[in-house]
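Trainee: Have a look at this one before I ask anything.
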Amino acid sequence: MASTSKTDHFPAENSASLEIGDWVHIDIQTSLDAGELMGVLNDPSVTGAWQEQGRVHLYWPGDRCGPDTWQSLRLALALLGHPDPGSDMTINHLANQDWNAQWSRLVEPVTIGLVVIRPSWKTVTLNPGEIELIIDPKQAFGTGHHATTQLLIEWLQQVVTSSDRVLDVGTGSGVLAMVALRLGAAKAVGEDFDPVAIDCARDYAQVNGFDERLTLAVGHAQAQNSHNEFEPTLVLANLDRHTLLAAAETLCGYAAGGARLLLSGLLIEQRAEVESAYAAHGVYVKTARERDGWIALEATGMESCDGGLCS
């Protein structure tokens, strides 16, 4: 692509040459799993990732990527046993249209239980009982392809009730909030700290025909937001380890009010740390689900546990 420039090293001046709206695509030749690398990197600014034919591709907004990013990525690769990380990485600077083109060639429909998520240029014949969402790749995370999202979509199909008021913290594309409504929830609020993600989510909501039962708003995981006195009965948090820990007090506050928590975005080995942090606030893990090295947890307040013990 003509608008893509490449370099084989990480000069500090690279980030200064980016224009507003540009993206940084780092291409790594490695056999490592993209999800595991993202978990160790633990950088909430990573907006997309995929793996194909021995390469991992990671994306950052240009204004959130710089020399510290390169160093963190090198360290994460080294911790995972990748030899000589610097020699196998290439930086690409992408304009917005190139970002969309890269994602568009890779995104295929995905079926998770009865939920079918497809881009608008693909058609799918639905089976009886299946529900459909149209999600095109944009600048918001959440096309339903990652294990952390799929774990929660599977779980929602078993737990959502018609009386549920669902809060989706760190909503990204809004896909989890929209799935909850398609499954029969009474109302859903999706919040994300990134206004670009909220703009994308609102576009998706319009394309999929959602009404006033869905609210999408800018908000931070660490702060409880009233949303017109909205009191959730089910809280979804598909976040990274760092954010789940930082938001523990806030999320546990919802649980203290009687809400169930479904937490995702964790590698299996990160469970104990998060579980301990939430237990310190009187919120305990009841059940867990695993997929591809990732884990999702259901947690409730002490009053919801038999004798105060959930495991």
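The values are calculated or read from the model by the stated rules, or taken from the named source; none is laboratory data. These figures come from a predicted structure and were not determined experimentally. Glycine gets a Cβ as well: all are built from the backbone with ideal geometry, and neighbour counts include every protein chain shown. Note: areas computed on protein heavy atoms with side chains; ligands, DNA, RNA excluded. Shrake-Rupley method; radii C 1.70, N 1.55, O 1.52, S 1.80 Å.
Trainee: Full extension from Asp199 to Gln222: what is 0.36 nm times the residue separation minus their Cα-Cα distance, to one decimal in nm?
Mentor: On the way: separation 23, 0.36 × 23 = 8.28 nm, distance 2.08 nm.
Stretched fully, the Asp199-Gln222 segment lengthens by 6.2 nm.
Trainee: Could you work out, for the stretch 154-223, what percent of all Cα-Cα pairs fall into each 5 Å distance bin, beginning at 0 Å and stopping at the bin that holds the largest distance?
Mentor: Taking every Cα pair in the stretch 154-223, the percentages come to 4, 20, 31, 23, 16, 6, 0.
Trainee: Moving to a separate point now. Which FRET efficiency value, to the nearest 0.05, do you get for Phe230 and Gln51 by plugging their Cβ-Cβ distance into 1/(1 + (r/R0)^6) with R0 = 45 Å? Numbers along the way, then the final one.
Mentor: Working: r = 38 Å, r/R0 = 0.83.
Plugging the Cβ-Cβ distance into 1/(1 + (r/R0)^6) gives 0.75.
Trainee: Where only protein heavy atoms count, and the probe is 1.4 Å, what is the accessible area per residue for the stretch 22-78 in Å²? Mind showing how you got there, number by number?
Mentor: Values: 2180 Å² over 57 residues.
Normalised by residue count, the accessible surface of the stretch 22-78 is 38 Å².
Trainee: Next question. What length, rounded to one decimal in nm, is gained on full extension from Arg64 through to Glu290, with 0.36 nm per residue of separation minus their alpha-carbon distance?
Mentor: Details: separation 226, 0.36 × 226 = 81.36 nm, distance 3.07 nm.
Working it through step by step, the gained length comes to 78.3 nm.
Trainee: Pop out the ³J(HN,Hα) list for the stretch 280-295 in order, Karplus 6.51 cos²θ - 1.76 cosθ + 1.60 with θ = phi - 60°, rounded to Hz; leave Gly and Pro as x.
Mentor: Residue by residue, the stretch 280-295 yields 5, 9, x, 10, 10, 6, 9, 9, 9, 9, 10, 7, 6, x, 9, 9 Hz.
Trainee: Right, next: Given a 1.4 Å probe and every protein chain left where it sits, what share in percent of the accessible area of the stretch 151-288 is carbon and sulfur? It would help to have the intermediate numbers written out before the result.
Mentor: Working: 2540 of 5450 Å².
Of the solvent-accessible surface of the stretch 151-288, carbon and sulfur hold 47 percent.
Trainee: Still on this model: Summing Lys, Arg as +1 and Asp, Glu as -1, what charge do residues with Cβ under 11 Å from the Cβ of Gly35 carry, Gly35 excluded?
Mentor: Details: positive: Arg291; negative: Asp33, Glu36, Asp292.
Here the count lands on -2.
Trainee: A further question on this structure: Rolling a 1.4 angstrom probe over the protein heavy atoms, how many square angstrom per residue are accessible across the stretch 133-250? Let's see the in-between values first.
Mentor: Numbers: 4560 Å² over 118 residues.
Averaged over the residues of the stretch 133-250, the accessible area is 39 Å².
Trainee: Pop out the carbon and sulfur fraction of the accessible area of the stretch 38-88 as a percent, whole number, probe 1.4 Å. Please report the intermediate quantities before stating the final value.
Mentor: Numbers: 1120 of 2300 Å².
Percent of accessible area from carbon and sulfur atoms in the stretch 38-88: 49.
Trainee: Hey, what did the stretch 138-257 get for relative contact order, percent, Cα under 8 Å, at least 6 apart?
Mentor: Details: 199 pairs, mean separation 32.6, N = 120.
Once divided by the residue count of the stretch 138-257, the mean separation gives 27 percent.
Trainee: How much length is gained if the chain between His242 and Ala279 is pulled fully straight, taking 0.36 nm per residue apart and subtracting their Cα-Cα distance, in nm to one decimal?
Mentor: Numbers: separation 37, 0.36 × 37 = 13.32 nm, distance 1.65 nm.
Residue separation times 0.36 nm, minus the Cα-Cα distance, leaves 11.7 nm.
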